[in-house]
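Q: Mind having a look at this structure? Questions to follow.
Values in this text are rule-based calculations from the coordinates and carry no lab data. Predicted model only: the values in this text are computed from it and were never measured. Quick reminder, even Gly has a Cβ in these numbers, built from the backbone with ideal geometry, and neighbours come from all protein chains shown.
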Amino acid sequence: MPYHVVYDGNCNLCVTLVQLLENLDKGQQFNYIPMQDQTGLNRFGITPADCELGMILIDAKTPDRRWQGSDAAEEIGRLLPAGEIFVSAYRALPGLKWAGDRFYEQIRDNRYTLFGKRNSTYEPVYKSDCGCTPKTE
């Protein structure tokens, strides 16, 4: 499992995006840690305050190699099939990266107001502490 994605498991938008990634990736490249899982966060030295700055992508082979916020979203996009061409174009267009960063910050800071908050934390199918074995229901 090459990457861990730390996301807000109470955010409707965040959970929808994790579910989309789970369906696309099937646990091949990504597994997931909800920011509400303090034990999972502790494994990587991540604090709740760190999570307030946005989603975090951790390279499982080199855990000190991390991306956060819009940089994490871009790196996830780059790692998806055919994603590199789109992310490269996005990064190359003048001003678009800056605007995307500001847009991400606005969504991050207002996610519950804009998209709602779940009553319970979403537990991912491909959870970080269990490799890529899907959960059973």
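Q: If I ask for residues that are closer than 13 Å to residue 7 by Cα and assigned to a helix (DSSP H, G or I), which ones from the stretch 50-90 would you list? Don't jump to the end; show me each part of the working.
A: Applying the first criterion (closer than 13 Å to residue 7 by Cα) to the stretch 50-90 yields 50-58, 67-70, 72-73, 76.
Passing the criteria: 50, 51, 70, 72, 73, 76.
Q: Filter the stretch 1-37 down to the residues that are over 20 Å from residue 108 (Cβ atoms) and in a helix (DSSP H, G or I), then identify the one that is nearest to the chain's Cα centre (by Cα).
A: Taking the candidates together, the pick is 22.
Q: For the stretch 122-131, indicate whether the set of residues that are farther than 17 Å from residue 31 by Cα and touching a helix residue (DSSP H, G or I) at 6+ places or on another chain (Cβ under 6 Å) is non-empty.
A: no
Q: Consider residue 56 carefully, then state whether it is in contact with a strand residue (DSSP E or B) (Cβ under 7 Å, 6 or more places away or on another chain) and more than 20 Å from residue 118 (Cβ to Cβ). Show your work before the answer.
A: Numbers: in contact with a strand residue (DSSP E or B) (Cβ under 7 Å, 6 or more places away or on another chain): yes; more than 20 Å from residue 118 (Cβ to Cβ): no.
The answer is no for residue 56.
Q: Between 112, 32, which is over 19 Å from residue 3 (Cβ atoms) and in contact (Cβ under 8 Å) with a residue 40 or more places away in the chain?
A: Testing whether each residue is over 19 Å from residue 3 (Cβ atoms) and in contact (Cβ under 8 Å) with a residue 40 or more places away in the chain leaves just 112.
Q: State which residue is surrounded by the fewest Cβ atoms within 10 Å (Cβ to Cβ) when the search covers only the stretch 41-58 and only residues that are of a type outside the set (A, V, I, L, M, F, W, C) and under 14 Å from the mean Cα position of the chain (by Cα).
A: Here the answer is 52.
Q: Here is a further query. Would you check which residues across the stretch 78-118 are surrounded by 14 or more Cβ atoms within 10 Å (Cβ to Cβ), more than 16 Å from the chain's Cα centre (by Cα) and among the basic types (Lys, Arg) and list them?
A: 97, 118
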